[in-house]
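The values are calculated or read from the model by the stated rules, or taken from the named source; none is laboratory data. Just so you know, these numbers come straight off a predicted model, no measurement behind them. Because the Cβ atoms are built from the backbone with ideal geometry, glycine has one as well, and the counts that use them run over all protein chains shown. For the accessible areas, the whole protein counts, side chains as well, though only heavy atoms, and no ligand, DNA or RNA atoms are used. Shrake-Rupley method; radii C 1.70, N 1.55, O 1.52, S 1.80 Å.
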Amino acid sequence: MFRYIDEVISPFGLSGWQSDLIASLIFVLLILLVVPVIGIVMNRIELLQMKLLSKLFGTKIAEFICNRLLFMGTVVHELSHALFAFLSGAVVTKIRCFTLFSKDTLGYVMFSTKGNTFKRSFQLAFTSCAPTVTGCLLIILLAHLFRNPSTSILYKAIIIYLGLSIADHMSMSPVDAKNYLKGCVCIFVVFFVFVTAFHHFCM
């Protein structure tokens, strides 16, 4: 993506650092905008999917398909929350990847933020967007594996199942979206510094 951004801003004749700063700014803003859009859209799709399946097969079968059959999506969802909480410096106190017989909660992650206001806001926002970010990256990886000519039919079937499971649970709940928006400025600062340094020194 940086290559395309650099091509767009190259006619402006910016110096090295100026070009890096502008390219990094555009890249970070795009990512920060795309992530919640994908998360919220996937949340709406989940709700519509449940309503449609409930009308076709009944509520119990719809819940079985979305919440039990595609349980791997829930596992990835909760592990993503836990991983991002840990990476951001929060303290993860409890992880439940999947609850088989619960009707209310499929899984959950309990964590506590620590540090000053900036750090706490970053930890909360970063953890909130975890399933969407991780889901997108894993689906890209699975698509690459699926297109590999050496992948057998069995592995392709497993890849399709994992892809559907992950996609079905990579949404951001209204609470996640709210927490993300509250701390998106903190994410922007950290992400912008990291991306600018990477773009300047590694590209």
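Values computed for the structure shown
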| read-out | value |
| --- | --- |
| Cross-link partners of Lys119 among lysines (Cα-Cα below 23 Å; sequence separation of 8 or more within a chain) | Lys94, Lys178, Lys182 |
| The chain, helix-only ellipticity at 222 nm - DSSP H runs n ≥ 4, -39,500 (n - 2.57), divided by all residues, nearest 500 | -25000 deg cm²/dmol |
| Radius of gyration, Dmax [the chain; alpha carbons; angstrom] | 19.5, 62 |
| For the chain, accessible area per residue (1.4 Å probe, heavy atoms of protein chains only), Å² | 61 |
| Met50 - accessible surface, heavy atoms, 1.4 Å probe, Å² rounded to 10 | 50 |
| Cβ-Cβ FRET estimate between Lys94 and Leu30, R0 fixed at 25 Å, reported to 0.05 | 0.10 |
